[in-house]
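One structure below.
The values are calculated or read from the model by the stated rules, or taken from the named source; none is laboratory data. In this text the structure is predicted, and so the values were computed from the model without any measurement. A quick note on method: Cβ atoms are made from the backbone with ideal geometry, for glycine too, and the neighbour counts reach across all protein chains shown. Ligands, DNA and RNA are stripped out before the accessible areas are found, and what is left, the full protein with its side chains, is counted by its heavy atoms. Shrake-Rupley method; radii C 1.70, N 1.55, O 1.52, S 1.80 Å.
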Amino acid sequence: MTDHPAEDAQAAADRLVEALHSYVEDGPTDLQEPADALIAALTGSVPDATIAALLTRAAALVDQFWVQAGRMQFGHQATAQLLGPAFKSLDAELFVALHPFDQEAELAAAEERVTSLERQLTQVNRDVEDALNAGDIDRVMALRESARVTIPGQLGEARSALLALTVEAAQFRLSSIAPRAEQLAAVDRATKIRDAAAERLRSANDDLFQAQLAVENSDRLRAEAQQQVHDLKALLDEHAAGHARDQQARLRQFAGLTPITA
Amino acid sequence: MTTDVLTAARERIAGIGLADDLLDLLRHGEQPSDPRLTDENAPDVWQAVARRLAADKSGAHRRQADRALSDLNWRLATLLDDVRHGVPAADLTHRYRRIREAQRELTMTAAGTTDVEFPDLNLMIPATRLLMFAGVVSNIDEVWPTWRDCMRKHGYDAPPWEHPDGDPFTVLPTPKNLLWLAQDPAKPWVPTLAQAARAVSKQTRAEEERRWVDSAGHKVLLHPSVHQEG
């Protein structure tokens, strides 16, 4: 593995995602280098198993691309669009890895305590039932306090502690997300760019329509004019032929000859 | 120090680059050899190559898949050599299973959407069927003579390998089967489509020859349920 200087983890994650986009949209590109950069950026702050899961997700995305490409026989770009959900999943996993909750160990311990107390409560209730069935009143009385008060009380406290840590984790995630105002401003900027582009497109479509209309009109006028020329020529030919016949008749009449009948 | 799980994940990313490079070699008509290709990773890498070939519209995927299958054949021979030299078969079943999975994917990619043709038999069959009786060993007639009776739903002897219930043609990737494959008379292989088709043609013609009986000067075709000795 090559050595990488310490790199901002977010930048390393962005580079890997960008490399994956480039791979599926433009064709095979090197993924090893951005993967190694991500490993270097996260090692020490994120468990190896988490980093491994990220790389496995990235590799699975490429695999999914090739499976789709073979199955669908679309081009690169069209196949890449099918991977939108896969990229979203990877983004979500990267976000969680890059924004670890600083009380993750306490959260896991709290979950384990709740699970353990639930098991204890189930067991003591089973023991009470067995004692009742055996008619062992002394044992029932000895277990009663644990089953009805002690363990349920501990379980309630443990669940409260778990819930409190879960709320803290959720608030941590919330605070890790970029401020909504910034994101709204980015949406606003992108919307303006899109609207300006849409307006230019609409204007260009209008120009195109007008130009096409002009071509159609001139085609129609040209056709009409050609027809008129054709008709006039026919009329002229007919007139010339008629005049020739009439002149012939006049000459014959003048010469005292009988007119020619058609 | 990098843990095993991280090393494995990193190798998976490395496998992507290796598959891309091997595909490039195949497309240029070069022999697909690369020092990064090992007995351990070859099945996974070739399976990845098969998926890339399936997306290839150039039509050269069959020829290119054949080269990959040839490499897998060599990897299988190496694996069975290890079995013969005492490596526990149980340690090799995973790799064997991966070889057969990569073989299947490469073969289906090579076949595409067409059946495999046997011009001398006037027959065409799907590649999946060809793999059933010519994809594991090249001499199924020798190791399991009644396999055709099984196809025809007549009485048949059980095959000499462990198989799932109701599916006698599947050679499970078990230690016992690896030991069987590593010994005579089995001739295990990873064939190209053409090699598998030739083997089936040859065995089918030989089987037809066996079924003609010279009886009182007449040749009679035996019913397939009658076994001819010798």
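The condition of being surrounded by 13 or more Cβ atoms within 10 Å (Cβ to Cβ) and more than 7 Å from chain A (Cβ to nearest Cβ) does not hold for B:Asp4. The single condition among (1) farther than 19 Å from B:Leu193 by Cα; (2) open to solvent by less than 50 Å² (accessible area, probe 1.4 Å) that B:Ser33 does not meet is (2). Checking the structure you have, find out if any residue of segment A:60-69 is part of a loop (DSSP other than H, G, I, E, B) and open to solvent by less than 40 Å² (accessible area, probe 1.4 Å). Among the residues of segment A:60-69, not one is part of a loop (DSSP other than H, G, I, E, B) and open to solvent by less than 40 Å² (accessible area, probe 1.4 Å), which makes the answer no. Take the residues in segment B:154-207 that are part of a loop (DSSP other than H, G, I, E, B), among the β-branched types (Val, Ile, Thr) and within 27 Å of B:Ala111 (Cα to Cα); name whichever of them is most open to solvent (accessible area, probe 1.4 Å). Across segment B:154-207, the extreme among qualifying residues is B:Thr170. If only residues of segment B:42-64 that are within 13 Å of chain A (Cβ to nearest Cβ) and of a type in the set (S, T, N, Q) are counted, the one that is surrounded by the fewest Cβ atoms within 10 Å (Cβ to Cβ) is B:Ser58. A Cβ distance below 6 Å, combined with a sequence gap of six or more or placement on separate chains, defines the contacts here; from segment B:1-30, residues that are hydroxyl-bearing (Ser, Thr, Tyr) reach residues that are assigned to a helix (DSSP H, G or I) and modelled with pLDDT of 90 or more in the pairs B:Thr3/A:Asp48. Is segment A:199-207 home to any residue that is assigned to a helix (DSSP H, G or I), over 30 Å from the mean Cα position of the chain (by Cα) and either surrounded by 10 or more Cβ atoms within 10 Å (Cβ to Cβ) or of a type in the set (D, E, K, R) (or both)? Yes: one or more hits.
Table: residues versus (1) within 11 Å of chain A (Cβ to nearest Cβ); (2) of a type in the set (Phe, Trp, Tyr); (3) over 30 Å from B:Glu162 (Cα atoms).
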position	(1), (2), (3)
B:Ala19	yes, no, yes
B:His28	no, no, yes
B:Leu37	no, no, yes
B:Gly86	no, no, no
B:Ala90	no, no, no
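Entry remark, segment B:108-153: residues being touching a residue at least 40 places away in the same chain (Cβ under 8 Å), outside any strand (DSSP E or B) and more than 14 Å from chain A (Cβ to nearest Cβ) number 20 in total.
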